[in-house]
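Asker: Dumping the structure here so I can ask a few things about it.
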Amino acid sequence: MTTTLAVAALTVAALGACSSDAKPKVAPIARTTTTQAPTPTPTPQGPNPLTGVGAPPSGPVIAVKVDDTPAGRPSLGLEKADVIYIEEVEGGLTRMVAVFASAKPNVRAVRSVRASDPELLRQYGRIIVVASGGGGRSLPTLDRSGLHSSIHDRGGVGFSRDRSRPAPYNVVTNLAKVSAAITGDGVRNVGFTWAVADPRLAAAKSAPAVNTRVGSTAVSFVWDTKLTSYVRTEGGRRILTASGAPVAKPNVLVQYCKVAADHADVDVNGKPSAFTESVGSGRVVLFRDGRRIDGTWHRASVGAPTTFIDAAGSPLLFAPGGTIVALVRAGAPA
């Protein structure tokens, strides 16, 4: 099967897991990046490793913490992200980590970092992390990680506020300014494998909708044949960005992870944040082309890519165009 997939799919190895931030303010620190020099990254060959489409983009990869509640919607610039992670935070609510390389738009609403984010993002190299702040051990963990950063509460570069929206849902980052001001690694392989076609889909189960749960938050998608993408929905309605574009990607990956309470990061209501482990192994379900394929994931270390394989040990093949990854607990539906 491995040979058949390699010939039929023309695969290319490429890149590729809240409540309101009512936390005590972090004391301002005049710093927008770490002091460690970036690790040189070989220029990838073939298509964009984050999406499987077009040439590899130039410039640094930037990850932005983005609100994922109705109060923070419509988001700004989210439709231009290459990869979107949906993760659990405090109170069973969710937040997103949006990874940008192909475009550097303005993004809103920027929110706070979590202690598990550096573990998730170090597989991308020493990229730039943009956030509004961070409670508990989140910012110290980020500082030690080797990732670069621009933090709003520290006077970081490229921030403004949208005065038409209430705080804390109005923090905007200009990624073009961040990209010009901070040096960070470019795109690299984090384990995604891209292919326009996958022979396994003919026998795969139909999946016109995806329904899972991150924390206690329902996360749902519907397959749109015209867009050839899964569109995120809430309460049966499509979630749209400020431009009117839906939050949608050709792939939805439900990745099962160990999630534990982070008692070092507790909000003013006494609710601890969640720490999602992205190093290790577990079950995954890939949804593409209106079908589903079950498999497993494995990541050996913080600096290593994540591998995604089916039951036969062959790589899962992602449809070119980007991915939304839902990082879920054991027992969550898919």
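The values are calculated or read from the model by the stated rules, or taken from the named source; none is laboratory data. The shown structure was predicted, so the numbers you read here are calculated from the model rather than taken from an experiment. Ideal geometry is used to build each Cβ from the backbone, glycine not excepted, and the neighbour counts take in all protein chains shown. Heavy atoms of the whole protein, side chains included, go into the accessibility calculation; ligands, DNA and RNA do not. Shrake-Rupley method; radii C 1.70, N 1.55, O 1.52, S 1.80 Å.
Asker: Taking H as built 1.01 Å from N, whose amide H comes closer than 5 Å to the amide H of Asn251, not counting residues under 5 places away?
Answerer: Hits under the 5 Å cutoff: Tyr230, Ile324.
Asker: Additional query: Would you check the accessible area of Arg238, probe 1.4 Å, heavy atoms only, in square angstrom rounded to 10?
Answerer: Rounded to the nearest 10, that gives 110 Å².
Asker: Across segment 194-207, in residue order, what do the Karplus-derived ³J(HN,Hα) couplings come to in whole Hz, using 6.51 cos²θ - 1.76 cosθ + 1.60 with θ = phi - 60° and x for Gly and Pro?
Answerer: Whole-Hz 3J(HN,Hα) from phi for segment 194-207: 9, 7, 5, 10, 9, x, 5, 5, 4, 9, 6, 5, 5, 9.
Asker: Could you state the per residue volume, in Å³, of the convex hull enclosing the Cα atoms of segment 228-334?
Answerer: Given the Cα convex hull of segment 228-334, per-residue volume reads 162 Å³.
Asker: In what sequence, highest mean first, do 167-178, 113-124 appear when ranked by Cβ atoms within 10 angstrom?
Answerer: Those peptides, ordered most packed to least, come out 113-124, 167-178.
Asker: State, as an integer percentage, the relative contact order of segment 116-184 based on alpha-carbon contacts under 8 Å between residues 6 or more apart.
Answerer: 31
Asker: What's the center-to-center distance, using Cα atoms, between segment 222-258 and segment 260-328 in Å?
Answerer: 17
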